[in-house]
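Before any comments, here is the structure.
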Amino acid sequence: MQTDTYRHRGQRRALVAELRRKGIHDERVLAAMEHVPRHLFFEPGFREHAYQDKAFPIGEGQTISQPYTVAYQTQLLNVQPTDRVLEIGTGSGYQCSVLLALTGQVYSIEYNRVLFERTQRLMARMHAPAHLFCGDGSLGLPDYAPYDKILVTAGSPTLPRPLLRQLRVGGALVIPVGDASSQRMVRVVRESEESFAREDFEVFRFVPLLGEAGWQK
Ligand code: SAH
């Protein structure tokens, strides 16, 4: 496996400066993104693109999210070091690794078996202590619920009820909600067993969340 180099670290510092200029201000998020070697989540031939602020194809019709989007979602999630976090849509494993820089308890679920197996191998080689699962994450991961934070990295038509139910009281869900062409970033805080508070943020464009509580496959 290719390693991290002085040049890559320099490129990450420049990327983090760019994210700061674009309005990301949470120092813990910026430090996490300066720490995680994004190029290792790319196929060898494409690594030169890893430190541009752009989404990029990872195979199977899926993409690694743009660094700005990863920073934006992670900032909204406000991860604390003791949080149990669930990510829906493991993809390349990059966002999962950024979450791991913020808390030791990261669960991530991927629907596409090819991506799941590839990323599971990569994360094992990196000794990344994430708990990875293959399945329909629109239904959450009930076996390990409740979660302090849930992050969805694919665009959803609605707020999936199973995810709301798997939030701890006081916990938060960050999810892009909209149609196939654009989605608004939404944060939902579970204020009590029965009540949820919703805030709406910027508009983004994600690949679709498939599955029972997403866009039917
Ligand atoms: N977080 C990823 C971005 C992946 S793109 C990264 O850092 O690279 C969104 C991912 O969500 C894709 O890999 C897609 O296969 C996956 N996905 C779509 N619907 C899903 C579902 N119902 N459950 C789990 N994963 C899903």
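The values are calculated or read from the model by the stated rules, or taken from the named source; none is laboratory data. These figures come from a predicted structure and were not determined experimentally. Cβ: placed from backbone, ideal geometry, glycine included. Neighbour counts: every protein chain shown. The accessibility values were calculated without ligands, DNA or RNA, using every heavy atom of the protein model including side chains. Shrake-Rupley method; radii C 1.70, N 1.55, O 1.52, S 1.80 Å.
Classify segment 96-217: rounded, prolate or oblate, from the alpha-carbon gyration tensor (a ≥ b ≥ c, eigenvalue square roots; a/c under 1.5 rounded; otherwise prolate if a/b is larger than b/c)?
Here segment 96-217 falls in the oblate category.
Using modelled backbone amide H atoms (1.01 Å from N, in-plane), which distant-in-sequence or interchain residues come within less than 5 Å of Thr63's amide H?
Ile58
What accessible area per residue comes out for segment 6-204, rounded to a whole number of Å², with a 1.4 Å probe?
For segment 6-204, the per-residue accessible area is 44 Å².
Hey, what do the phi angles of segment 19-31 turn into as Karplus ³J(HN,Hα) couplings, whole Hz, using 6.51/-1.76/1.60 and θ = phi - 60°, x for Gly and Pro?
4, 4, 4, 7, x, 6, 10, 6, 5, 5, 5, 4, 5
What are the principal axis extents of the Cα atoms in segment 6-204, in Å, biggest first?
Its Cα atoms span 50, 36, 35 Å along the three principal axes.
Would you mind checking the tilt of helix 113-125 against the longest principal axis of the Cα atoms of the chain, expressed as 0 to 90 degrees and rounded to 10?
60 degrees
Using amide H atoms built 1.01 Å from N in the peptide plane, name the residues 5+ places from Leu210, or on other chains, whose amide H lies under 5 Å from its own.
Placed amide hydrogens put Trp215 under 5 Å from Leu210.
Probe radius 1.4 Å, ligands and nucleic acids left out: which of Glu110, Glu212 has the largest accessible area, and how do the rest follow?
Ranked from most to least accessible, the order is Glu212, Glu110.
How many angstrom separate the Cα center of segment 167-217 from the Cα center of segment 47-75?
19 Å
Near the amide H of Phe196, under 5 Å away, which other amide H atoms are found, from residues 5 or more places off or on another chain, if H is placed in the peptide plane?
Glu191
What does the extension gain come out to for Thr158 and Arg121, with contour length at 0.36 nm per residue minus their alpha carbon separation?
Full extension of this stretch gives 10.1 nm more.
So for the pair Thr5, Arg21, with labels modelled 7 Å out along Cα→Cβ, what separation do we get in nm?
2.5 nm
Considering only the chain, what is the antiparallel percent among its DSSP beta bridges, to the nearest 5?
Bridges in the chain are about 45 percent antiparallel.
So between Ala14 and His49, what do we pick up on full extension, going 0.36 nm a residue minus the alpha carbon distance?
11.3 nm
Taking the mean number of other Cβ atoms within 10 Å as a proxy for protection, how do you rank 174-184, 77-87 from highest to lowest?
77-87, 174-184
Answer rounded, prolate or oblate for segment 30-118, using the Cα gyration tensor with square roots of eigenvalues a ≥ b ≥ c: rounded when a/c is under 1.5, else prolate when a/b is larger than b/c, else oblate.
Note, shape of segment 30-118 comes out oblate.
Over segment 6-204, what relative contact order in percent results from Cα pairs under 8 Å that are six or more residues apart?
Across segment 6-204, relative contact order equals 15 percent.
Assign one of three labels to segment 156-217, namely rounded, prolate or oblate, based on the Cα gyration tensor with a ≥ b ≥ c the square roots of its eigenvalues; rounded applies when a/c is under 1.5, prolate when it is not and a/b is larger than b/c, and oblate otherwise.
Oblate, since a/c reaches 1.5 and b/c is not below a/b.
Roughly to the nearest percent, how much of the accessible area of segment 68-217 is carbon and sulfur, given a 1.4 Å probe?
50 percent
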